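Report on the following structure.
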Amino acid sequence: MTTFLQAYEYAASHLDKLQLALQQHLLLVAAPLGVGLLLGLPLGLLSARSKIASTVLINSFNSLRVIPSLAILFIVIPYFGLGFKSAAIALTFLVMPPILISTDVAFRSIDPMILEAARGMGMSSGRILRTVEIPLALPVVIAGVKTATVEVIASATLAAFIGAGGLGDFVVLGFAVYDSAILLVGAIPVALMALIAEICLTILQRVVQSPINNQRSAVS
C-alpha cells in the first residue's frame, strides 16, 4: 500500500510530465491503430476474396506475430532512426495481423446461402457488401480491432526504449533507479487504458451483434 501511495505522490508532483507522457502514449496508440485499420480492413477483405492473396497476406502477417515487439522496434531503428516515427511503424506492424486476420475470417464465415439470396433479390455486389456482408462481419472484425488495441496500448510502453516517449518513460525510469513507485506511475495508466479499451470495444461488439442474433432468432 505504501508503494501505491508513493506512486500517487510522485504522479502529483510530476503532473505536467505525466500529462505529456499520456498524450504521447495516446498518439503512439492512435497513429498505428489508424494506419492498421486503413490498411488491414481492405487487405482482409481482399484476402477473403482471393485464395492467392489470402496465402500471401495471412502467412506474411502471421510471421510478424512470432517476432517480439521490442525486436521489431530495434529492427526499424537503422532505417528510420530513434523517435516517434520508428515506434509508430513498428507498432503498425503489431496491429496489422489481428485486424487483417479477423477481417478475413469474418467475411469468409458469412453463410453463402445468405449471399445467394441477396443476389437472387437483384442486389448489386456493392449493395450486398454494404447492407449484408459488412453488418454480418462487423462483430468479428471488432474482436480483431479489440485485440489489436489492447496489444498496442501495452506495447507502446516499449517505445520509451527508443526515445519515443509515452508512459513507458516512467516504467524505464522506475527500472533504472529500482523504484517501484515510479514504475507504477507508468504501468497503472497503461493497465487502465487497456481495460477501458477492452470494455468499450466489448460493449460495441455486443451492440452490433444483437441485431444479428435477433434476425437469426426470428428466422429459426
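Residue-by-condition table, conditions (1) more than 17 Å from Ala191 (Cα to Cα); (2) not in a helix (DSSP H, G or I):
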{"site": "Pro98", "(1), (2)": "yes, no"}
{"site": "Arg127", "(1), (2)": "yes, no"}
{"site": "Pro135", "(1), (2)": "yes, no"}
{"site": "Pro139", "(1), (2)": "yes, no"}
{"site": "Ala143", "(1), (2)": "yes, no"}
{"site": "Val152", "(1), (2)": "no, no"}
{"site": "Ala159", "(1), (2)": "no, no"}
{"site": "Gly166", "(1), (2)": "no, yes"}
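Would you point out the residue of region 30-46, among those that are surrounded by 15 or more Cβ atoms within 10 Å (Cβ to Cβ) and farther than 11 Å from Thr92 by Cβ, that is farthest from the chain's Cα centre (by Cα)? Explain how you work it out, then say what you get.
Going residue by residue through region 30-46, those that are surrounded by 15 or more Cβ atoms within 10 Å (Cβ to Cβ) are 31-33, 35-37, 39-41, 43-46.
Okay, now just the ones that are also farther than 11 Å from Thr92 by Cβ, so 41, 43-46.
Details: Leu41: 12, Leu43: 16, Gly44: 15, Leu45: 18, Leu46: 20 Å.
Among residues in region 30-46 that are surrounded by 15 or more Cβ atoms within 10 Å (Cβ to Cβ) and farther than 11 Å from Thr92 by Cβ, the one farthest from the chain's Cα centre (by Cα) is Leu46.
Have a look at Phe61, Phe80, Phe74, Phe84 and point out the one that is among the hydrophobic types (A, V, I, L, M, F, W, C), at pLDDT below 90 and within 16 Å of the chain's Cα centre (by Cα). Don't jump to the end; show me each part of the working.
Working: Phe80 fails: within 16 Å of the chain's Cα centre (by Cα); Phe74 fails: within 16 Å of the chain's Cα centre (by Cα); Phe84 fails: within 16 Å of the chain's Cα centre (by Cα).
Just one listed residue meets the conditions, Phe61.
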TODO: Considering each residue of region 1-16, count those that are assigned to a helix (DSSP H, G or I) and either acidic (Asp, Glu) or surrounded by 15 or more Cβ atoms within 10 Å (Cβ to Cβ) (or both), and give that number.
DONE: 6
Task: Selection count where residues are crowded, with 20+ Cβ neighbours inside 10 Å and hydroxyl-bearing (Ser, Thr, Tyr), scope region 148-204 - done: 3
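Do we find that Leu26 is within 21 Å of Thr157 (Cβ to Cβ), modelled with pLDDT of 95 or more and assigned to a helix (DSSP H, G or I) in this structure? Reasoning before the result, please.
Numbers: within 21 Å of Thr157 (Cβ to Cβ): yes; modelled with pLDDT of 95 or more: yes; assigned to a helix (DSSP H, G or I): yes.
Yes.
Inspect all residues belonging to region 100-108 and state whether any of them is assigned to a helix (DSSP H, G or I), touching a Phe, Trp or Tyr at 6+ places or on another chain (Cβ under 6 Å) and either at negative phi or touching a residue at least 60 places away in the same chain (Cβ under 8 Å) (or both). Give the steps one after another, and end with the answer.
Step one: list which residues in region 100-108 are assigned to a helix (DSSP H, G or I), which gives 100-108.
From the residues that got through so far, the ones that are touching a Phe, Trp or Tyr at 6+ places or on another chain (Cβ under 6 Å) too are 100.
Right, trim to either at negative phi or touching a residue at least 60 places away in the same chain (Cβ under 8 Å) (or both) and you get 100.
Within region 100-108, one or more residues are assigned to a helix (DSSP H, G or I), touching a Phe, Trp or Tyr at 6+ places or on another chain (Cβ under 6 Å) and either at negative phi or touching a residue at least 60 places away in the same chain (Cβ under 8 Å) (or both).
The values are calculated or read from the model by the stated rules, or taken from the named source; none is laboratory data. As the structure is a computational prediction, the values presented were derived from the model and not from experiment. Heads up, the Cβs are rebuilt from the backbone with ideal geometry, glycines too, and the neighbour counts pull from every protein chain shown.
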